[in-house]
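What follows is a short report on a single structure.
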């Protein structure tokens, strides 16, 4: 194995070997890397080179690369492989990874691949569930033990397992109907008296997830209780499979990436810096168009106060300050609220308490920031009344921004819409529109009487 810092150097050497058609050296370079680094290097190669290189690798290394690639990239690579090469590689992959791959294949290729792999019976149950559920995320359970066997019998059973079987730090216990009834650690089995039954030492309070549980909820459950694995059951609590810790990490990364993209107004969470401009444009442009439409509301409000602005051009100087500060406050509140909803820390029923909290924060921010801006306006323009208008408008805008940052995402969650999807556009519109409305209303009422 090479150190991770040498990966770029390996990529250069690999390209030289491929240019010289030295496949033996190319294979040796890739196989010397760790699986994540293998996938990174593999992704940098042209498609035709990928199709030639992958079948030449050790099947275990080829399987590792397919597992490390994104679902979209893996299926593209798989569809370019010959049937025999694909079967040889898939036979070395984890059951859940195989199920994900086959589920994305064209029907004919999926059927052909499934009929040729060794563990088809173990893959079929995994294909019955949606990809974004606990059932779609789970893999088969290699080792389960019966509640009525002894510790000695359990150890003997473990010794019969084939090499490579996944045996976690703890094992799941089932009854005669294969219903999940407990969990026991390997250490507890080893140190228990030889004639002790598993039912006597197992923990009966097992944390599990139903097959139709959303993958994000399942991953959150694992993170909350610090689980290395999470058993998946049906409605009768029959053990169906298990979600492993690495899958949980992948789901959390996927969900966090999705939320970040959506907060930025990008509808496709798979849009990255490396995609073609045309693809990125399709994901971003619709939200910019929507933002343009909502921005017209702010323009409409400004048009209502054309006379005020015309008579008091100095008001325009403070537009960016009033709108910018309130917009930042709204974004802060929105980010905290969306995160709380995503992690299950708050729900729509907590709306009243959350709004009170943000009103108090808005009051405090408004007093401090409003006072600072009022002093700046007074010192800059020499007008106490102008300072009062700008300061009081900022004070009220910060309170309104805090409310908008709570009400919009909670409202979207209440009507079963993703709060990260359109909340940024709506909150920005509300803060800008209310900001201008409050600022210019106060200015119209107070300033015109003094100038």
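A few remarks follow.
- Subset of the range 303-313 [part of a helix (DSSP H, G or I) and buried (at least 17 other Cβ atoms within 10 Å of the Cβ)]: 308, 309
- In the range 360-375, the residues that are within 30 Å of residue 220 (Cβ to Cβ) and either outside the structural domain of residue 392 (by TED's automatic domain parsing) or surrounded by 14 or more Cβ atoms within 10 Å (Cβ to Cβ) (or both): 361, 362
- Check on residue 163, exposed (fewer than 15 other Cβ atoms within 10 Å of the Cβ), over 25 Å from residue 226 (Cβ atoms) and at pLDDT 80 or above: no
- Of all the residues in the range 318-346, those that are within 27 Å of residue 444 (Cα to Cα) and either under 37 Å from the mean Cα position of the chain (by Cα) or without any contact (Cβ under 8 Å) to a residue 60 or more places away in the chain (or both) number 12.
- The range 106-138, residues that are over 25 Å from residue 82 (Cβ atoms) and not in a helix (DSSP H, G or I): 129, 130, 131, 132, 133, 138
- Residues satisfying the stated conditions in the range 39-67, i.e. part of a helix (DSSP H, G or I), touching a helix residue (DSSP H, G or I) at 6+ places or on another chain (Cβ under 7 Å) and closer than 19 Å to residue 98 by Cα: 39, 51, 54, 55, 59, 61, 62, 63, 64, 65, 66, 67
The values are calculated or read from the model by the stated rules, or taken from the named source; none is laboratory data. Keep in mind that this is a model prediction, so the values were computed, not measured. For neighbour counting, all protein chains shown are included, and Cβ atoms are generated from backbone atoms with ideal geometry for every residue, glycine included.
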